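See structure below.
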Amino acid sequence: MDSSQFLPPTPRALGDQELQEVLEAAKRDGGGVLAAMQILEAQAQLRETDKSELHAWRVAQSEREAQAEVVELPVATVPQAEEAPVVTLADPTISSEEQDATAADELLYESAPELVEQVSTPELVEQVSTPELVEVTVVVPNKRNAKDSSSSQFWVWLTISGSLLPFGIALWLQSLGLTFSQSLVAAALGLFVSAGVVAIGAIAGKRSSLPTLVLSRAAFGVLGNLAPATVLVLSRLFWLVVLVFLGYLLIAQSYGSAGSISGVATTISWISVAVLGIIVTSAVVLSSLGGKTLVWAQRLSGVVGVTVALTVSSVRISASGFNQSFTEQGSWLRALGAAVVVFAVFGLAWSSASADYASGLPVKVRGWRVVTWALLSLGLVPTGLAALGLIIFSDTSSRHFGSTFNALIAGSDGLTPLGIAAQASLVLTLVTSIAMSLRSSSLSFESIRLKIKVSLATPILAFVAVGLAIFGFSRLGSAGFWFNLQGYALVIAVPVAAWSGIFISDVLIRRIAYHEVSLSRSYGFYRAVNVLNLCGWVVAVAIGWGLLRSELVEFQWLGYLSDYASNREFWSQSNFGVVIAFAIGLLLPVFGGIPRIKRQEAEVLQIEARRNDLNNVMGDID
């Protein structure tokens with residue numbers, strides 16, 4: 001008889017001491033976490049094999065012992081063999097092998113019991129008990145020093161919402177011939193929906209330190225994200241040019257060289273170009289500094305903007321009282337279309353940058369706190385200012401909309417303290433807003449795999465934006481700035497709205513931080529392409545454009561689906577194609593993405609559990 005069958009099987013896996021030496025060697029060689037995890041995974045599987053072989057050997061040994069007892073003892077004494085221990089040899093080798101075979105298992109059980117289902121045999125799983133689970137958190141290395149509070153989201157966006165921009169929205173709504181209630185509903189609806197989109201996007205920012213358009217790879221796949229990211233990068237560049245364009249227009253008005261904001265273009269004012277150059281250069285410097293410098297600039301700009309807006313309101317109310325000349329006629333359908341325009345201009349312009357300014361938040365900050373502060377800043381504040389604007393400019397009509405705004409911003413009534421304050425607020429808002437847009441646009445290049453340093457991309461983008469703004473003013477101003485802005489903004493809003501719906505729905509479904517390494521590798525947890533979301537985005541854009549009407553000549557091809565609708569007037573005035581695209585995007589992850597997201601999060605927690613195992617063996621690792 002072969003005597004080897006009486007000996008326990010030789011272990012294949014390394015012992016604890018040997019495993020620790022191998023892992024330390026991998027760490028010294030620069031293999032990092034990935035190499036160490038691969039080693040630990042291989043050893044875990046080998047130890048499972050050792051454990052299975054040891055179990056099979058013990059069963060066989062027990063059967064041989066039982067047969068021996070049956071031969072030597074009378075039948076009456078057979079039951080005593082069942083009560084005998086399975087292994088009676090006091091062999092320290094067996095005890096050692098048993099301990100080695102289960103050492104890694106204990107670690108895996110404590111951190112991620114799901115791993116056993118993948119690497120062990122069904123028979124073995126039935127015989128082991130799973131201990132109580134321990135909490136596993138996802139480590140975001142760049143977040144370890146994040147200290148911003150949730151209230152920082154209020155100050156981040158106050159530079160935009162707490163400016164004179166809500167007055168511009170109020171003046172534009174009033175010029176459409178809407179009633180006060182219709183204008184107020186349109187402003188509130190557009191602003192609060194905008195605030196919600198940006199606020200939810202900020203939750204993604206607290207879960208990772210990566211740019212917004214890189215985080216959307218979790219929803220579209222690492223390679224699948226290239227299509228929507230390319231469109232959104234172009235959208236960011238468009239809105240950067242719009243900011244610079246608006247800056248030049250308002251500066252030129254201050255020198256009386258541009259007429260009204262809705263009038264025709266005039267000769268380029270090179271003095272205004274020089275002033276604009278100083279403002280954009282300041283924005284480039286501010287964007288490059290970033291950090292606390294940009295944060296304090298946002299706070300200062302927001303506080304000054306709110307103060308000036310409230311002062312303008314109180315001065316006009318004290319001078320003329322509450323004007324009661326509101327129009328008694330209007331169209332709720334037009335009001336709905338106006339709300340969509342506000343959503344496109346105010347919300348979708350910044351939705352692709354929503355997470356960029358939340359990266360300083362720790363992962364542990366509550367999401368509802370982040371959303372609340374962002375809603376207060378982007379929803380409540382501008383709605384209140386817009387309501388004041390509707391009251392103090394209630395006698396404004398489309399005939400003198402531009403001249404009224406010019407008088408407000410440019411201080412046409414002389415160098416009064418209020419006029420100087422309005423100019424200072426204008427400059428601060430322009431510098432800070434352009435700096436924010438430059439920073440987000442520069443960061444967005446990473447999402448389309450363009451390796452351009454932010455310090456290099458920022459001045460290049462600024463130079464290009466100034467050139468395009470000047471060229472656009474000479475060509476686009478003939479049709480009126482706001483008229484052209486509305487047309488182009490709505491066309492761009494459709495793909496951005498479809499992306500925003502998918503992105504924020506994906507963010508709301510997720511419950512843990514992103515695995516940042518997988519966001520840069522097509523073989524990671526988020527895979528190369530999410531076919532459902534990518535194809536759904538394309539379909540949503542096609543439907544949105546098909547239901548959108550535009551008065552601009554270059555976009556007459558739009559509305560190819562609305563021609564078959566029963567109410568063409570509704571689609572021509574409501575701009576509802578943007579809403580449809582946004583709604584389709586919202587529903588896609590809900591109906592087709594929850595199992596995928598839950599599976600991704602389970603895989604991320606497993607890898608983080610293994611990271612904890614490595615920390616126990618190798619110390620703290622990144």
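The values are calculated or read from the model by the stated rules, or taken from the named source; none is laboratory data. Source: prediction; values computed, not measured. Every residue, glycine among them, receives a Cβ derived from its backbone with ideal geometry; neighbour counts consider all protein chains shown. Each accessible area value is taken on the protein alone, full model and side chains, heavy atoms only, with ligands, DNA and RNA left out. Shrake-Rupley method; radii C 1.70, N 1.55, O 1.52, S 1.80 Å.
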Fill in: Accessible area (Å², per residue) of segment 494-549, counting only protein heavy atoms and a probe of 1.4 Å
34 Å²
Worksheet item: Gain in length, Ala56 to Ser331, computed as 0.36 nm per residue apart minus the alpha-carbon separation, to one decimal in nm?
Response: 90.9 nm
Worksheet item: For labels at Ala424 and Ala25 in the simple 7 Å Cα→Cβ model, what's the distance in nm?
Response: 6.9 nm
Fill in: Above-threshold pairs, the threshold being 20 Å between Cα atoms, out of Lys206/Lys453; Lys147/Lys292; Lys364/Lys453
Lys206/Lys453; Lys364/Lys453
Fill in: Thr307 - accessible surface, heavy atoms, 1.4 Å probe, Å² rounded to 10
80 Å²
Discussion item. So, taking all protein chains as they sit and a 1.4 Å probe, how much accessible area belongs to Arg58, in Å² rounded to tens?
Written reply: 80 Å²
Worksheet entry | By average C-beta atoms within 10 angstrom, highest first, the peptides 157-168, 276-287 | 157-168, 276-287
Fill in: Length gained when the stretch Leu223-Ser181 is fully extended (0.36 nm per residue, less Cα-Cα span)
10.5 nm
Worksheet item: What span do the alpha-carbon atoms of segment 492-602 cover on each of the three principal axes, reported in whole Å from largest to smallest?
Response: 49, 24, 18
Fill in: By accessible area with a 1.4 Å probe, ligands and nucleic acids excluded, highest first: order of Phe473, Phe180, Phe192
Phe192, Phe180, Phe473
Worksheet entry | Computed E for Thr230/Gln17 - FRET, C-beta separation, R0 56 angstrom, nearest 0.05 | 0.60
Worksheet item: Quick one: what do you get for segment 509-573 if you divide its Cα Rg by 2.2 N^0.38 Å?
Response: 1.74
Fill in: Computed accessible area, His55, all protein chains, 1.4 angstrom probe, square angstrom
80 Å²
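Near Asn530, within a Cβ-to-Cβ distance under 13 Å, what is the net charge of the other residues, with Lys and Arg +1 and Asp and Glu -1?
My count for the surroundings of Asn530 gives +3.
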